[in-house]
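The values are calculated or read from the model by the stated rules, or taken from the named source; none is laboratory data. Every value quoted in this text rests on a predicted model; they were computed, and no experiment measured them. Ideal geometry is used to build each Cβ from the backbone, glycine not excepted, and the neighbour counts take in all protein chains shown.
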Amino acid sequence: MPSYYKHSGSFTPQGLIGGMLAGVIVSIPASFLYNYGIVTTSFDKARFLCTTAFGVLIGAVCGLALCWGKVRNNTVAGLVGTGGGLVGLYVSWIGWLMHLSYPEEWIFNVSGPAMHPLRIWNAMLAVNAVGTWRSGFDHEATKGLVLWLIWIAEAGFLLTVSASIAIALVSRRPFCERCGQWCTERHNMVFGASLPAPKFQALLESGNVSELEKLGVPSARGPRFEVHLHSCGVCNNLNTLSLVQRFGNQRKTVVDKLLVTPAQASIMRNLAVAQRAARAGTRTAALAK
């Protein structure tokens, strides 16, 4: 029965505090950039990209801080990413409301208004009653329930993005509990799509990794499989394999952190070295022509 790696669920106080502080710190300047982007553009797609970038930035900073603090808990990562997104959303609301009052000013002291959330809420109610932008020429300003739904959708999307990015960063590598560190040693291998994904998965789960040596390499732009080996660089006892299927710009994770033995990992390392040497020889031969 194949075994897959799962985080232990542990986390450290410094990781939790560091992740929260990092999210709060980055959300303040990022919120002003976010406001500048959505105020200065009139295209819905550009505003959507601004919201996405805002959430990605907050989630990435939170996730990196959590990794630094050795947090191995996806729930904690999601909560910290959501918390950072909430702070960013709140600060962006303050800056946006102040921009409505002082449109020529872009740098505000948000610490004062932030201490009065009830005033911010009352200002939102007042803005919602009259609306702030129009959906077309001579159309009535968007307000009321429709505007509330737009604001809720924006907030939900932002928080989802920030939480998802934080979780993705925390879960992207295995953590060796024995050595107390992330598995930073990584080896990558590429194979042609000579097998369907389920059979390739079954091959890895069977433990017969030596059979991979019989698979050919992909063409320059053809479909391919990527196998990633993560190992603990200290004890070499924790080793995981991940299988990714690629076709053009599409990417699908078929196997995520399958546990393998040190002997199987050694075979994969040798195969990765052989592939790198083959690619280097091909490039040298091409330059010599």
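One table, with the values for the structure above:
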{"read-out": "Count of residues meeting criterion [surrounded by 13 or more Cβ atoms within 10 Å (Cβ to Cβ), modelled with pLDDT under 90 and under 24 Å from Asp256 (Cβ atoms)] in the range 1-44", "value": "1"}
{"read-out": "In the range 127-148, residue nearest to Val39 (Cα to Cα) [restricted to those that are loosely packed, with under 11 Cβ neighbours inside 10 Å and modelled with pLDDT of 80 or more]", "value": "Ala129"}
{"read-out": "Qualifying residue in the range 45-55 (condition: among the hydroxyl-bearing types (Ser, Thr, Tyr) and more than 29 Å from Leu259 (Cβ to Cβ))", "value": "yes"}
{"read-out": "Entirely in the range 1-119, the helices (runs of 4 or more DSSP H) that have 1 or more residues that are touching a residue at least 40 places away in the same chain (Cβ under 8 Å) and not assigned by TED's automatic domain parsing to the domain that holds Ser242", "value": "13-40, 44-68, 74-101"}
{"read-out": "Members of the range 232-258 found to be in contact with a helix residue (DSSP H, G or I) (Cβ under 7 Å, 6 or more places away or on another chain) and on the phi < 0 side of the Ramachandran plot, listed by number", "value": "Asn237, Asn239, Leu241, Leu243, Gln245, Val254, Val255, Leu258"}
